Amino acid sequence: MKNLFFTSSFKNSYKKEVLRKLIEFAIIFDSKIHLLKEIRPSNFENAFEAKKIKAFIEEFTLPKHSITIYNDISVQKEILNFSQEINAYLIALSTVFSYSTSFFGLYITII
């Protein structure tokens, strides 16, 4: 499991627990974690967002990792296209939306 990625708004503290679990997983498998901040054209944010991501993760000791700010026409497209770009083995996301269990037209078990 070479590449894992975590997509988030990097704003809410409850998402840190999801990242914490992913880090534990990455350490076990010596994986690289790709942190993805998705930005949609209708909700533009500038490159200053990378600093917010760094502030969000500063309490963690991350193994190999990268930070990417990505833009596409929808959240689903961003996640799918980025996962293909890095050849991701695992995608971690944290959401409170009820549609999350069928986010990609597949049923996902949320832990």
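Just so you know, all these numbers are worked out from the coordinates, no wet-lab data involved. Just so we're clear, the structure is a prediction, and the values are computed from it rather than from any experiment.
Brief remarks follow.
- Full extension of the segment from residue 66 to residue 48, taken as 0.36 nm per residue of separation minus the current Cα-Cα distance, would add 4.9 nm.
- For segment 1-36 and segment 47-90, distance of Cα centres in Å: 10 Å
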